[in-house]
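Before we start, here is the structure in question, set down as structure tokens.
We did not get these values from a lab; they are worked out from the coordinates using the rules stated. Note that this is a predicted model, so its numbers are computed, not measured. Every residue, glycine among them, receives a Cβ derived from its backbone with ideal geometry; neighbour counts consider all protein chains shown.
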Amino acid sequence: MTSARPVYDARWIGPHGIGRFAAQVRSRLTGEYEDLAGAAPVSARGLAQLQQLTFARAGRPRLFVSPGFAAPLGWRGPVVLTLHDLMHLDVQGEAGRGVRSYYERVVRPAIRRAPLTLTMSQHAKGRIVAWSGVDGSRVLVVGNGVDASYTPHGPVHEPGYPYVLYVGNHKPHKNLPVLLRAMTDPGLRELHLVMTGAPDPVTMRAAVDLGLGERVHPAGLIPEAQLPSYYRGSQVVAMPSRYEGFGLPLLEAMACGVPAVGGDVTAVPEIAGDGALLVDPRDMDAVAQALVAAVHDTAVRDRLAVAGPRRAARFDWDVVGRSVDRALRSIDVP
């Protein structure tokens, strides 16, 4: 590469899945990078800042690296984007017309020009290749990792009641209506549901309609330093998603030795392996039965307490970071 420093879009770093990937990878890149700071990368202001960067750096070609999907139009030099999945296109109601148009008009052309695109799973890679038409050799699966703090040993969150834990946003693909209905199963009547995120009106209204109002607890944004204790304190972690490009919360639960229940679709089986109970996320009864087994069946709990950490140990941030760094260093900048 030339002596001009490559640019890393550090605006993606934050308390969410992509943000965690962005931070972990950035901390492991070798060489000198210029970190791009500013507004949220896919906000109107953030996209405008990205274009201002393009005009301001119109001289010597440089490498632009993004841990997300926002691409700088007209950038002189290679661009490497990270597509964690194609959920915005594949799941109805996940994104509006503007986001879908951005994928078609900006993201796809950028991927077709790019020397390399990063992604999280073989499932996501397959969808990216089919959608973009690029050769599979130009899409690299780097995955996610599990921080060393996610272990069976450590502080335990104790709210005063046994609980099922849900970690994630409340978007359509997360399948929360099915999870709420599953919580009405008699085998779960003693358990509460702790959910990360703000108490969105639709979810809370559905909980009240199902008679779960006093058993559903929005936990807000849990600081990452405290999140392992929430996993360890739970009876089971539920993630019955209809679509995942990876499924990091399930993996973190497994690392903590906690029984986890996920959907048997998209990338989840590839990531979870035998370390979690996987069921059809469209089948409320199957979700409920898996949760009941994870809570009450000693043999299931004992098996997952061993299989979960063993499987999660295969996903290491150092390996992810080295893989990304090695790939970026191999890119030729004119």
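Helix 17-26 versus the longest principal axis of the chain: what angle, 0 to 90°, nearest 10, using Cα atoms?
Helix 17-26 and the main axis of the chain meet at about 50 degrees.
Quickly rank 197-207, 287-297 as a protection proxy: mean count of other C-beta atoms within 10 Å, highest first.
Sorting 197-207, 287-297 by mean packing, highest first, produces 287-297, 197-207.
According to the square roots a ≥ b ≥ c of the eigenvalues of the Cα gyration tensor, what is the shape class of segment 78-144, taking rounded for a/c under 1.5, prolate for a/b larger than b/c otherwise, and oblate for the remainder? Please report the intermediate quantities before stating the final value.
Values: a/c = 1.95, a/b = 1.32, b/c = 1.48.
Taking the square roots of the gyration eigenvalues as a ≥ b ≥ c, segment 78-144 is oblate.
Compare Ile128, Ile111, Ile222 in a GNM of the chain, Cα atoms joined below 10 Å, and give the one with the largest fluctuation.
Ile222
Right, another one. Please work out how much length the chain gains when fully extended from Ala39 to Ala313, using 0.36 nm per residue of separation minus the C-alpha to C-alpha distance, in nm with one decimal.
Details: separation 274, 0.36 × 274 = 98.64 nm, distance 3.47 nm.
Gain in length upon complete extension: 95.2 nm.
Sketch the reach of a paramagnetic label on Arg329 as a point 7 Å from Cα along Cα-to-Cβ, and name the residues of segment 55-86 whose backbone nitrogen lies under 17 Å away.
Within reach of a label on Arg329: 63.
Please name whichever of Val106, Ala294, Ser43 sits farthest to the positive end of the charge dipole of the chain, dipole taken about the Cα centre and charges placed at Cβ: Lys and Arg +1, Asp and Glu -1.
Sorting the options by dipole projection puts first Val106.
In nm, to one decimal, how far is the modelled label at His217 from the one at Asp90, with both set 7 Å along Cα→Cβ?
Computed distance between label sites His217 and Asp90 equals 3.4 nm.
Now for a different question. Residues of segment 21-54 with amide nitrogen under 17 Å from the 7 Å Cα-to-Cβ point of Arg113?
In segment 21-54, the label zone of Arg113 (backbone N under 17 Å from the point 7 Å along Cα→Cβ) covers 47-54.
Counting only C-alpha contacts under 8 Å and six or more residues apart, can you give the relative contact order of the chain as a whole percent?
Relative contact order here is 17 percent.
Still on this structure, please answer the following. Hey, how many Å between the Cα centroid of segment 205-222 and the Cα centroid of segment 270-289?
Segment 205-222 and segment 270-289 have Cα centres separated by 22 Å.
A further question follows. Contact order normalised by length for segment 163-312, with contacts defined as Cα pairs under 8 Å and 6 or more residues apart; what percent is it?
Numbers: 306 pairs, mean separation 37.2, N = 150.
So the answer I get is 25 percent.
Using Cα atoms only, what is the angle between the long axis of helix 317-329 and the major principal axis of the chain, expressed in degrees (0 to 90) to the nearest 10?
Result, in degrees: 20.
For the chain, what is the charge dipole size about the Cα centre, in debye to the nearest 20, if Lys and Arg each add +1 at the Cβ and Asp and Glu each add -1 at the Cβ? Don't skip to the end; give the middle numbers.
On the way: 36 positive and 31 negative charges, 288 e Å.
Computed about the Cα centre, the dipole is about 1380 debye.
Can you tell which of Glu214, Glu94, Glu252 shows the greatest fluctuation in a Gaussian network model of the chain with Cα springs below 10 Å?
Glu214
Restricting to segment 163-312, what percent of DSSP beta bridges are antiparallel, rounded to 5? Intermediate results must be reported in sequence, preceding the final value.
Working: 1 of 17 bridges.
Looking only at bridges with both residues in segment 163-312, the antiparallel portion is about 5 percent.
Name the most mobile residue of Ser323, Ser27, Ser234, meaning the one with the largest mean-square fluctuation, in a Gaussian network model of the chain with Cα contacts below 10 Å.
The residue that fluctuates most here is Ser27.
Amide H to amide H under 5 Å from Ala260: which residues, 5+ apart in sequence or cross-chain, H placed 1.01 Å off N in plane?
Val237, Leu277
Set Lys and Arg Cβ to +1 and Asp and Glu Cβ to -1, take the dipole of segment 163-312 about its Cα centre, and tell me which of Leu176, Ala238, Gln226 lies farthest positive.
Gln226
Sticking with this one: Rounded, prolate or oblate for segment 163-312? Axes are the square roots of the Cα gyration tensor eigenvalues, ordered a ≥ b ≥ c, and the cut-off for rounded is a/c under 1.5. Can you show the working numbers first?
On the way: a/c = 1.38, a/b = 1.31, b/c = 1.06.
Judged from the Cα gyration tensor, segment 163-312 comes out rounded (a/c under 1.5).
Placing +1 at every Lys and Arg Cβ and -1 at every Asp and Glu Cβ, with all other atoms neutral, what dipole size does segment 55-191 have around its Cα centre, in debye to the nearest 20? Numbers along the way, then the final one.
Values: 17 positive and 9 negative charges, 206 e Å.
Computed charge dipole of segment 55-191: roughly 980 debye.
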